[in-house]
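The values are calculated or read from the model by the stated rules, or taken from the named source; none is laboratory data. Keep in mind the model is a prediction, meaning the values are calculated, not measured. Every residue, glycine among them, receives a Cβ derived from its backbone with ideal geometry; neighbour counts consider all protein chains shown. Ligands, DNA and RNA are excluded from the accessible area calculation, which covers all protein heavy atoms including side chains. Shrake-Rupley method; radii C 1.70, N 1.55, O 1.52, S 1.80 Å.
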Amino acid sequence: MTPASQAAVAAELTAHTEESAAHSAVHIHAPSAGATATLIHDLRELFKVKVVTLVLVTGWGGFYLGSMQSGISSVQRGLLDTLLGIGLVSAGAGALNEALERKTDARMRRTADRPMAAGRFSLTQGVLAGLGALGFGAWWLLLHTNLLTVALALLTLSAMWRFTPR
């Protein structure tokens, strides 16, 4: 290769690299700094993870006490499947509760920063997330347990509707 042809190839490679970089920069969508952490925090608030944790600990505690009486192991696959379903149903009920109370929450200082009250999640997003978790949890329980367990888990939703101020 002559020095002139080497320079031409180098110039072509440089132009192609710059064009690729410019083209890539247009299509890359990176979240702003802290956006992922904020989304995770908002989802934890929407699904009321602290309350769900209490529900799961209570469910496991009841199973543990029952297993002591019956002589079965307190940790088994069926328990984990049940706790997953109960957790999803409880999380869905919490999200739907937040959707119902978003206007009241927005007026109170303690709850004004909740995702739906603050407007970081729309009513549609909150209801769809709640129904999705609730539906998937009920389906999971039906698949891995029985209809009675599904019905008892869904009572958390009816209790939420009954005791929510309107």
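Using only the alpha carbons of the range 52-107, determine the length spanned along each of the three principal axes and report them from longest to shortest in whole angstroms.
Each principal axis gives a Cα extent; for the range 52-107 these are 51, 17, 11 Å.
Give me the compactness ratio for the range 69-166, meaning the Cα radius of gyration over 2.2 N^0.38 Å.
Ratio of Rg to 2.2 N^0.38 Å for the range 69-166: 1.27.
Would you work out which of THR111, ALA138, ALA159 lies farthest towards the positive end of the dipole of the range 84-166? Charges go on Cβ: Lys and Arg +1, Asp and Glu -1.
The residue sitting most towards the positive pole is THR111.
For the range 34-112, which trypsin sites (Lys or Arg not before Pro) are both in a DSSP coil and crowded by at most 13 other Cβ atoms within 10 Å? Working shown, then result.
Working: sites: ARG44, LYS48, LYS50, ARG77, ARG102, LYS103, ARG107, ARG109, ARG110; in loops: LYS48, ARG109, ARG110.
Those satisfying the criteria are ARG109, ARG110.
I'd like the Karplus ³J(HN,Hα) series for the range 58-69: coefficients 6.51, -1.76, 1.60, θ = phi - 60°, whole numbers in Hz, and an x wherever there's a Gly or Pro.
Ordered by residue, 3J(HN,Hα) equals 5, x, 5, x, x, 5, 4, 5, x, 5, 5, 6 Hz.
Give me the percent of accessible area attributable to carbon and sulfur for the range 47-166, probe 1.4 angstrom.
68
Convert each backbone phi in the range 140-156 into a coupling constant with the Karplus relation 6.51 cos²θ - 1.76 cosθ + 1.60 (shift: θ = phi - 60°), then list the ³J(HN,Hα) values in order as whole Hz, x for Gly and Pro.
3J(HN,Hα) across the range 140-156, in whole Hz: 4, 5, 5, 5, 10, 10, 8, 5, 4, 5, 4, 4, 5, 5, 6, 4, 4.
How many Å² of accessible area per residue for the range 38-91, probe 1.4 Å?
Details: 3370 Å² over 54 residues.
So the range 38-91 comes to 62 Å² accessible per residue, rounded to a whole number.
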